Amino acid sequence: KSMQLEVQPKDLPNDLVLSTSNAGEQTAPTVAIANNRALIVWHSLDNALNYDIRGRMMDVTTGAVIGPNDFLINTLVTGNQLRPTIAISGNLVLVAWESVNGIRGRVIDLSTGNLMGTADFAISTVYTTGHLYPKISVSGNRAFVTWQALNGTSKDIRGRVVDIATGG
């Protein structure tokens, strides 16, 4: 015999403001959920110079945000950091995004909210004139990140395996 769970709209929290760094434009959000925790990431023009990658965590069982503020994910601050994408392996989340320096990434521990390592890291190792639209797929502790690379007059599809546990 199957059991149905009925959730009433009155049981769900109202929508929330997730971005707290609202000095400028906040766009391109994406979300991943595991173990009743969600990580939401987006690009933010909060410093009025360049876009950064910011994030916020929330408990999906209660709808409560975790921590008082959103947080900066990228450490490279030269030029724009855009179009984040995320994937989860266990409690580790790989965030990848476009940068003026290629495709970059950072690992976040979803159970603690800690940013892993001291800095973001290069995912693309051969940089031409532009790396765009990163996408991630995960199996175990390995992620495969793909992107479009502008290479002169051609547009190549490139990719790299990333070890999520070590961030590289």
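Quick notes
- Under the criterion of Cα pairs below 8 Å and six or more residues apart, the relative contact order for the chain equals 15 percent.
- Carbon and sulfur %, accessible surface of the chain computed with the full protein complex present, 1.4 Å: 52 percent
- Label-point separation, Asn36 to Ala64 (7 Å along Cα→Cβ), nm: 1.1 nm
- Sorting 69-81, 101-113 by their mean Cβ neighbour count within 10 Å, with the most densely packed peptide first, gives 101-113, 69-81.
- Principal semi-axes in Å for the range 1-157 [√(5λ), Cα gyration tensor, largest first]: 30, 19, 14
- Translational diffusion coefficient (Stokes-Einstein; Kirkwood radius from C-alpha pairs) of the range 113-168 at 10 °C, 1.306 mPa s, in µm²/s: 128 µm²/s
- Amide H contacts under 5 Å for Ala87: Leu94, restricted to partners 5 or more places along the chain or on a different chain, H placed in the peptide plane at 1.01 Å from N.
- Karplus-based coupling profile of the range 109-115, in residue order and whole Hz: 7, 5, 6, 10, x, 6, 7, with θ = phi - 60° in 6.51 cos²θ - 1.76 cosθ + 1.60 and x standing for Gly or Pro.
- Working note: Cα atoms of the range 62-113, range along each principal axis, descending, whole Å: 37, 25, 15.
- Additional length obtainable on full extension of the chain from Glu25 to Thr118, 0.36 nm per residue less Cα span: 30.8 nm
- Per residue, the accessible area of the chain comes to 54 Å² when a 1.4 Å probe rolls over the protein heavy atoms.
The values are calculated or read from the model by the stated rules, or taken from the named source; none is laboratory data. Here the structure is a predicted model, which is why all the values come from computation and not from measurement. Quick reminder, even Gly has a Cβ in these numbers, built from the backbone with ideal geometry, and neighbours come from all protein chains shown. To get the accessible areas, we keep the full protein, side chains included, count just its heavy atoms, and leave off ligands, DNA and RNA. Shrake-Rupley method; radii C 1.70, N 1.55, O 1.52, S 1.80 Å.
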